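Below is one structure; the comments refer to it alone.
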Amino acid sequence: MPSLFDPLVLGPLTLPNRVVMAPMTRSRADDAGVPADIVAEYYAQRATAGLIVSEATCVSPMAKGYSRIPGLHSPAQVEGWRKVTQAVHAGGGRIFAQLFHTGRVAVPALLPGGAQPVAPSAIAINGKNYTDLGPIDYVVPRALETDEVPDVAAEFGAAAKHALEAGFDGVELHAASGYLAHQFLDASINQRTDRYGGSVANRMRFLLEAIDSMIDVAGAGRVGIKISPRIKFNDVAEPDAEVVYPALARELSARKIAYLHGAHQGGYEVHAHMRPAFGGLYFAGAGFDKAKGEAMLEAGASDTVVFGKHFIANPDLPRRMRDNIALAEGDSKTHYSKGPAGYCDYPAAPQV
Ligand SMILES: Cc1cc2nc3c(=O)[nH]c(=O)nc-3n(C[C@H](O)[C@H](O)[C@H](O)COP(=O)(O)O)c2cc1C
C-alpha cells in the first residue's frame, strides 16, 4: 500500500505526494471578494502539498455568508486569483478552487442591497453570524422558488469557468458544513414538496445539477466534492444520512469525478461508508496526524489524507511529516483576522 509520500495520478495531474491541504476559510479578501496579495504568498508557501484546495469561494454575490471571503464571479476576483494560481504553480504546486453558496448561513448585511438569504426552506439557523459589523442573529431565509433553483445550480458552472480562467487546476464542490448543497440534502433543513425536496433523489437534485454544471466546463477529471455528513455545525441533523450518502456515492461514481473528500466530523462513519461505495479516488479528512494518516493509507481505507489545521502553522507540512520534524502550533485567534499575522508569517522548518 502507498505511503503519504508516494505520488498519485488525479485526472490529468500527478500529485507528488498524498498530503492534501484542506480548504480553509482565512478571510483575507477585500469587501469585493478579491483575494489580497498576501493570499498568493500564503498559498505559495504551501505549494509542496500534493494538492491544495482553496478556501471556500462564493459562486455569486448572494452566496456570501461571511465577512472578507473571496468570490469567483467578477473579473477583479478572477485577476486576484490568477496571482494566487501563478504563485502556486511557480512554486511547483497544484490548486483546486472550492466553490460554495452559503444559503441560509448568510445574513442580509453581507448580501447585495441587504437581501434576505435564500435556502431550500424558510427555516433559520439558531445562533449568530460573527461578521465584521459584530454578531448578527441568523434570519429566516427565503425558500427558493422551484424555477430559481436550476439558476443557482448553474452559478457553480459559471464560477468553475472563472476558476479555470484564473488558472486553477480544478474545482471542488463544497457540499459539506451545512452550506447550500448540504442544506438541500438534509431532511431537517429541506422541507420542500417540489422536485428539490422530499425523496432522497429530489434532495440530491440541486447538488447533482451543481456538480454537472461544473463537469460541463471543467471535465469530470478536474472536479472533486467535499462532504461532512452529520457535522455538528450550522444545525445539520441529517436524520437519514445512512440512506442519502450511499445513494450520493452511486451518483458521483457514475459521473467519474476526480475525487470524493469525506470529512469525519459528526455521527456518521463517512470513511467506512463512502470508501467502498465510491468508485473513484477517496480523500479522508478531519482529525489526522501523520501516524493516523499513514494507517489509513496502509489499510487501503483512503487514497490521500487531507490535513487542515496542521497546514496553518506548518507551511512545509509534507517535509515536516516525511522527516519527522516537530509541528508548530497555530493560533486560532488569527484564523479569520486581517493581514499577515498568523497567516503568511509561519516559517518553514530550518534546513539542516
Ligand atoms: C480556519 C478553518 C477554516 C475552514 N474553512 C473551511 C472551508 O472554507 N471549507 C471547508 O470545506 N472546510 C473548512 N474547514 C474545515 C477543514 O477543511 C477540515 O475539514 C477540518 O479543519 C478538519 O480537518 P483537520 O482536523 O485536519 O483540521 C475549515 C477549518 C478551519 C480550521
(request) Looking only at region 64-87, decide whether some residue is surrounded by 24 or more Cβ atoms within 10 Å (Cβ to Cβ) and closer than 30 Å to Ser199 by Cβ. (result) yes
(message) When you check Thr304 against the structure, is it modelled with pLDDT of 95 or more, under 27 Å from Gly91 (Cα atoms) and either acidic (Asp, Glu) or in contact with a strand residue (DSSP E or B) (Cβ under 9 Å, 6 or more places away or on another chain) (or both), yes or no?
(response) yes
(request) Just need a number here: residues in region 243-264 that are within 15 Å of the ligand (Cβ to nearest atom) and without any contact (Cβ under 8 Å) to a residue 40 or more places away in the chain. (result) 3
(message) Considering only region 83-102, I want to know if a residue exists there that is touching a Lys or Arg at 6+ places or on another chain (Cβ under 8 Å), closer than 25 Å to Ile125 by Cβ and within 16 Å of the ligand (Cβ to nearest atom).
(response) yes
(request) Of all residues in region 43-63, count the ones that are among the hydroxyl-bearing types (Ser, Thr, Tyr), under 18 Å from the mean Cα position of the chain (by Cα) and surrounded by fewer than 24 Cβ atoms within 10 Å (Cβ to Cβ). (result) 1
(request) List the number of the failed condition for Ser177; all other conditions in (1) within 16 Å of the ligand (Cβ to nearest atom); (2) under 23 Å from Ala237 (Cα atoms); (3) surrounded by 24 or more Cβ atoms within 10 Å (Cβ to Cβ) hold. (result) (3)
(request) Give me a count of the residues in region 322-341 that are within 21 Å of the chain's Cα centre (by Cα), part of a loop (DSSP other than H, G, I, E, B) and surrounded by 16 or more Cβ atoms within 10 Å (Cβ to Cβ). (result) 2
(request) Could you grab me the full set of residues in region 230-242 that are surrounded by fewer than 18 Cβ atoms within 10 Å (Cβ to Cβ) and either free of Cβ contacts under 8 Å to residues at least 40 places away in the same chain or part of a helix (DSSP H, G or I) (or both)? (result) Lys232, Glu242
(request) Might you check whether a residue that is in contact (Cβ under 8 Å) with a residue 12 or more places away in the chain, assigned to a loop (DSSP other than H, G, I, E, B) and loosely packed, with under 15 Cβ neighbours inside 10 Å occurs anywhere in region 303-321? (result) no
(request) Being assigned to a loop (DSSP other than H, G, I, E, B), among the small types (Gly, Ala, Ser) and over 10 Å from Thr304 (Cα atoms) is the filter here, so list the residues in region 1-39 that pass it. (result) Gly11, Ala22, Ser27, Ala32, Gly33, Ala36
(message) For Ile69, only one of the following conditions fails: (1) β-branched (Val, Ile, Thr); (2) over 19 Å from the mean Cα position of the chain (by Cα); (3) in a loop (DSSP other than H, G, I, E, B). What is its number?
(response) (2)
(message) I'd like the full set of residues that are touching a Lys or Arg at 6+ places or on another chain (Cβ under 7 Å), more than 13 Å from the ligand (Cβ to nearest atom) and farther than 16 Å from Gly167 by Cα, limited to region 38-75.
(response) Ile38, Thr48, Gly50
(request) Provide a single number: the residues in region 275-302 that are surrounded by fewer than 22 Cβ atoms within 10 Å (Cβ to Cβ), within 11 Å of the ligand (Cβ to nearest atom) and of a type in the set (Gly, Ala, Ser). (result) 2
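For region 290-332, how many residues are among the charged types (D, E, K, R) and within 17 Å of Met24 (Cβ to Cβ)? Explain how you work it out, then say what you get.
Restricting attention to region 290-332, the residues satisfying the condition of being among the charged types (D, E, K, R) are 290, 292, 294, 298, 303, 309, 316, 319-320, 322-323, 329, 331.
Those left that are additionally within 17 Å of Met24 (Cβ to Cβ): 309, 316, 329, 331.
The number of residues fulfilling the criteria is 4.
So which of Thr102, Thr131 ends up being within 27 Å of Lys338 (Cβ to Cβ) and surrounded by 22 or more Cβ atoms within 10 Å (Cβ to Cβ)?
Values: Thr131 fails: surrounded by 22 or more Cβ atoms within 10 Å (Cβ to Cβ).
None of the other options fit; the residue is Thr102.
The values are calculated or read from the model by the stated rules, or taken from the named source; none is laboratory data. What you are looking at is a predicted structure, and each value in this text was computed from that prediction instead of being measured. Every residue, glycine among them, receives a Cβ derived from its backbone with ideal geometry; neighbour counts consider all protein chains shown.
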